[in-house]
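In what follows, a single structure is set out as structure tokens and then discussed.
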Amino acid sequence: MIWAGELNDPYRVGGSVGLYDTTLRDGEQTVGVVLDPEQKLEIARLLDRLGIDRIEAGFPRVSQDDWDAVELISDAGLKAEIWGFSRAVPADLEALVELGVRASVIESPISDLKLDALGVPREKMLARITSAMRFAADHGIHAAFFGVDSTRADPAFYEQVYRGAVEAGAQEVCVVDTIGIASPEAVADLVGRTVEWVGPEIPVHFHGHNDFGLATAAAVAAVRAGATWVQGTINGMGERAGNANLGEVALTLRALYGVESNLRLDSIREVSERVRELSGYELEPWKPVTGETLFRRESGAVASQFHDPPSIEPYSSELVRAERGIVLGKKSGLDSIRIKAEELGLDVPEERRAEVLARVKELGARKRGLVSDEEFRNLAGG
């Protein structure tokens, strides 16, 4: 079902990775998207059935709606681990305790750009971070330290902060490319060094944004360097250019690197569509994994090979439960006419196909779009 050839074989790493979904928190930061608690619960149930290992239910102190959503999802009896989100400030941490949240990301900015903007010196922020980790440990919260803007932090301070967070009680850590500026090579280097610093007992996450279109590549690089968790969202939702797209990451890791996850690829398009509907945005039709036109073919040259999927596709449509099909337009060829006529049960003899093709091309060019099945029936009929 995957036809990627042998080129990638030397780079396969095998093993598995955990997927941590932050659609309900970071994804909702997409401009104009507002999800109410019941909608978030619906999405959480979809994510659970999709095989997501950890669901970040939200940041309870943002609003009453977010508080209610975290409560609803925590009580829903899902198989996935339910995580909260908190800043390294006492009121946020106390909210987690009040809600009974047993696991949470705890964030704090660590780059000088962020610290200067906030007017907080390094020493004061480090003290906040270690205090928050101790609070979490003392209250039975499984904490993952999340250093905001990790990839632009001073390397020496980054190391000091991450070592300090673990010594103070953090049980996991996240390497965070908040502004999406890190190349895959840089991510691999930073993740690899972080794995060394925190030791083999501390899981390392990667959380990347897509500002340069590299979030999936960066997530893959992180896994190859030792990250055991990838954070991301459905459809790559998020502010600016969005987050790593978990569907893309899961398929890429499996198909090209031999790294498995629990994500059910045969359900990803259904979940993608429902999340999009609830959120009220459109997707590019050519989007990887979930795009509407991924398995539709207009080009006549490609239509001539349509009977042999491995010759024109990198993986089977069945893998992601999509439908293959021929569509007609300006770029169609004789094979397109033959296949579409057979599909619709029309009798278009070989000697008439060139004539019908000319009509299809003319109409497609005039419409500046596709020729519908009904229009094709009319054109083929005489």
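The values are calculated or read from the model by the stated rules, or taken from the named source; none is laboratory data. For clarity, every value in this text was computed on a predicted model and none was experimentally measured. Methodologically, a virtual Cβ is constructed for each residue, glycine included, from the backbone with ideal geometry; neighbour enumeration extends over all protein chains shown. The area values use the complete protein model at the heavy-atom level, side chains included, leaving out ligands, DNA and RNA. Shrake-Rupley method; radii C 1.70, N 1.55, O 1.52, S 1.80 Å.
Treating r as the C-beta distance of Ser63 and Arg12 and R0 as 56 Å, the FRET efficiency rounds to 0.80. Estimated from the Cβ-Cβ distance and a Förster radius of 41 angstrom, the FRET efficiency linking Arg296 and Ala127 is about 0.10. With protein chains left intact and a 1.4 Å probe, residues in the chain average 45 Å² of accessible area per residue. Listed here are the pairs Lys287/Lys361; Lys331/Lys367; Lys40/Lys79; which of them are more than 20 Å apart at the Cα? As for pairs spanning more than 20 Å Cα to Cα, those are Lys287/Lys361.
Take the Cα of Ala365, step 7 Å toward its Cβ, do the same at Asn378, and the gap between the two points is 2.0 nm. The eigenvalues of the Cα gyration tensor, multiplied by 5 and square-rooted, give the stretch 174-218 an equivalent ellipsoid with semi-axes of 20, 10, 7 Å from largest to smallest. Got a sec? Charge dipole of the chain, +1 on Cβ for Lys and Arg, -1 for Asp and Glu; which of Val220, Val360, Ser272 is way out at the positive end? Toward the positive end, the furthest listed residue is Val360. With R₀ fixed at 30 Å, the C-beta to C-beta distance from Asp138 to Gln29 puts the FRET efficiency at about 0.50. For Arg152, the solvent-accessible surface with a 1.4 Å probe is about 90 Å², rounded to the nearest 10.
Across the alpha-carbon set of the stretch 226-282, the Rg to Rh ratio works out to 0.99, Rh being the Kirkwood radius.
Accessible area of Arg321 (1.4 Å probe, protein heavy atoms only, ligands and nucleic acids ignored): about 150 Å². Relative to the longest principal axis of the Cα atoms of the chain, helix 155-167 runs at roughly 70 degrees. Given their separation in residues at 0.36 nm each and the Cα-Cα distance between them, Ala4 and Glu323 gain 112.8 nm when the chain is fully extended.
The phi-based Karplus calculation (6.51 cos²θ - 1.76 cosθ + 1.60; θ = phi - 60°) puts the 3J(HN,Hα) values of the stretch 24-32 at 6, 10, 5, x, 5, 6, 3, 4, x Hz, whole numbers, x for Gly and Pro. Of the two radii for the stretch 1-82, the radius of gyration is 1.16 times the Kirkwood radius, both from the alpha carbons; that is the Rg over Rh value.
To the nearest 10, the accessible area of Asp154 is 60 Å² with a 1.4 Å probe.
Remark: accessible surface ordering of His205, His139 (largest first) is His139, His205, probe radius 1.4 Å.
Taking the C-alpha atoms only, the angle from helix 64-74 to the longest principal axis of the chain is near 80 degrees. Helical runs assigned H by DSSP (4 residues or longer) give the chain a calculated mean residue ellipticity at 222 nm of -13000 deg cm²/dmol, each run adding -39500 (n - 2.57) before division by the residue total.
Dipole size of the chain about its Cα centre, with +1 on Lys/Arg Cβ and -1 on Asp/Glu Cβ: approximately 820 debye, rounded to the nearest 20.
Based on the Kirkwood radius over alpha-carbon pairs, what value in µm²/s does the Stokes-Einstein equation return for the translational diffusion coefficient of the stretch 146-249 at 4 °C and 1.567 mPa s? The diffusion coefficient I find is 98 µm²/s.
Residues Leu370, Leu50, ordered by accessible area of protein heavy atoms at a 1.4 angstrom probe radius and largest first, appear as Leu370, Leu50.
Shape summary of the stretch 25-172, radius of gyration then Dmax from alpha carbon positions: 15.7, 44 Å. Given a 1.4 Å probe and every protein chain left where it sits, what share in percent of the accessible area of the stretch 230-320 is carbon and sulfur? Reported share for carbon and sulfur atoms: 46 percent. Our summary of shape: the Cα atoms of the stretch 115-204 have principal axis extents of 37, 34, 19 Å, ordered from largest down, in whole angstrom. For the chain, pairs of C-alpha atoms spaced more than 33 angstrom apart make up 39 percent of the total.
In order along the stretch 337-345, the phi-based Karplus estimate (6.51 cos²θ - 1.76 cosθ + 1.60, θ = phi - 60°) of 3J(HN,Hα) comes to 5, 4, 5, 5, 5, 4, 4, 8, x Hz; Gly and Pro are listed as x.
For the stretch 315-382, the convex hull drawn through the C-alpha positions has a volume of 100 cubic angstrom per residue.
Share of carbon and sulfur in the accessible area of the stretch 6-154 stands at 48%, probe radius 1.4 Å.
Computed from point charges on the beta carbon alone (+1 for Lys and Arg, -1 for Asp and Glu), the dipole magnitude for the stretch 1-148 about its Cα centre is near 460 Debye.
Sum up the charges of everything whose Cβ sits under 14 Å from the Cβ of Ile106, counting Lys and Arg as +1 and Asp and Glu as -1, but leave Ile106 out. My count for the surroundings of Ile106 gives 0.
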